[in-house]
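**Q** Sharing a structure with you now.
The values are calculated or read from the model by the stated rules, or taken from the named source; none is laboratory data. Please read all numbers here as calculations on a predicted model, not as lab measurements. Reconstructed Cβ throughout: ideal geometry from the backbone, glycine too, with neighbour counts over all protein chains shown. These area figures cover heavy atoms from the full protein model, side chains too; ligands, DNA and RNA do not enter into them. Shrake-Rupley method; radii C 1.70, N 1.55, O 1.52, S 1.80 Å.
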Amino acid sequence: MNLKKIINHKPLLIIPILISTFIYYFYYDSSVDQNSAELLNESSNSITQVKTKRNNIEQKIANESVWLGNPELSEFITDMVNQLKTKHIHEIQQVNIQASLQDLRNLILERYPKEGAEVFEYIITQAFTEHAEEILALITKLDIYQAWHMENLIGLNEMNVLERDGALWEKRYKVFSNLADELWEKETDQKEYKQQVVQQTLKSLNSAKDMALNERLYILQNTIEEQYADTPQSLLINKGLMANMYFRLDSVQKDLSQMSDLQRQQTLADSRRQLGYSEENITKLTKQDKKREKRWKNGYEYMQERDQLAIHYQGDDLQHKLRDLRTEFFSHEAATIEAEEKSGFMRYERPRVYGSN
């Protein structure tokens, strides 16, 4: 994801759930009163940790001469600080803007796994000195809440809507106290709420590592059924749409890519059966999968040989060699592949999606 897009990003609310007035006040009153001491203690501990980090950060940076003296990293830090100030300096006091910086933190951790946490803290302290402590404390709480949600995803899915709403809001108030209302304030919008429930479920399933494929699919099916049953939109939701959403999950693709051809074929059939496909359609789709697999393997082999030709030839010689190579691998489709490449589209560099393309 582009870093500038992250900085422009208006926060996606975390698992927005529409909740009735009864559930709202019931859980607000009971959980806040019952856990007030625990909330204060937990919040105090989080803030204390952040203050400690901030007080020590300059010393940490001084000790980290490896990344401090890295010109590329220094340029990256300066650029991030300037962009954050430009985009958010007049709205950084808003809780949802602060929460959106978690995405930037995650991206920095992916880019710089070793020093990313300290780099992010340094960027925040430089960009938003007055708000740095509360930003870092909020992101710590978001990590706690999201880890809890991921750990309890299966159990939450087995609850009815009212029970799940209550459990979610109880945890939100426990972790965020009165900030929970601001973080989930848009849940009063029914349409947006339904979309975000599905989006958050997809986001959680996308990163779910230790979950069986059939469990992921069940949770997705159940979520969409709960949100769109008895609505006009339900007429637009069919097996094909559900399959497309499911098979495009990164976690599903990762699992499928690690299987043998036979095991993957059986798993795809089981998933389609769970989605409600008939045995006749499953058989047809299996044949289609085999053709796609053969085509992709042929395409990957073509790309390897194409790369080798590009190393050893240039200009007209290269173009002649590529034309012969395309004919060898694609026969009557060679002209189509050539036209695609001239336009900048490389068919076999796009993502492979098992069960879809």
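**Q** I'd like the full set of residues that are open to solvent by less than 40 Å² (accessible area, probe 1.4 Å) and among the aliphatic types (A, V, I, L, M), limited to the stretch 104-119.
**A** L104, L107, I108, V119
**Q** Of all residues being out of contact with any helix residue (DSSP H, G or I) (no Cβ under 8 Å at 6 or more places or on another chain) and open to solvent by 50 Å² or more (accessible area, probe 1.4 Å) in the stretch 223-232, which is modelled with the highest pLDDT? Just the residue, please.
**A** E225
**Q** For the stretch 115-170, which positions are over 20 Å from the mean Cα position of the chain (by Cα), acidic (D, E) and part of a helix (DSSP H, G or I)?
**A** E118, E121, E130, E133, E134, E158, E163, D165, E170
**Q** May I ask you to verify whether Q83 is surrounded by 12 or more Cβ atoms within 10 Å (Cβ to Cβ), in a loop (DSSP other than H, G, I, E, B) and either modelled with pLDDT of 80 or more or at positive phi (or both)?
**A** no
**Q** Answer with yes or no whether V175 is under 30 Å from I135 (Cα atoms) and either modelled with pLDDT under 90 or not in a helix (DSSP H, G or I) (or both).
**A** Judged against the criteria, V175 is not a match.
**Q** Please go through the stretch 167-181 and give me each residue that is crowded, with 20+ Cβ neighbours inside 10 Å and either over 23 Å from I139 (Cα atoms) or free of Cβ contacts under 8 Å to residues at least 40 places away in the same chain (or both), ordered by number.
**A** If the condition is that a residue be crowded, with 20+ Cβ neighbours inside 10 Å and either over 23 Å from I139 (Cα atoms) or free of Cβ contacts under 8 Å to residues at least 40 places away in the same chain (or both), then R172, F176, A180 are the ones that fit.
**Q** I would also like to ask the following. Which condition number does A310 fail, the rest of (1) modelled with pLDDT under 95; (2) under 32 Å from the mean Cα position of the chain (by Cα) being met?
**A** Failed condition: (2).
**Q** If you scan the stretch 195-216, which residues turn out to be open to solvent by 40 Å² or more (accessible area, probe 1.4 Å) and of a type in the set (D, E, K, R)?
**A** Selection gives K203, K209, D210, E215.
**Q** A further question on this structure: Here are the criteria: (1) modelled with pLDDT under 90; (2) touching a Ser or Thr at 6+ places or on another chain (Cβ under 9 Å); (3) among the hydrophobic types (A, V, I, L, M, F, W, C). Tell me which single one L236 does not satisfy.
**A** Among (1) modelled with pLDDT under 90; (2) touching a Ser or Thr at 6+ places or on another chain (Cβ under 9 Å); (3) among the hydrophobic types (A, V, I, L, M, F, W, C), the lone unmet condition for L236 is (2).
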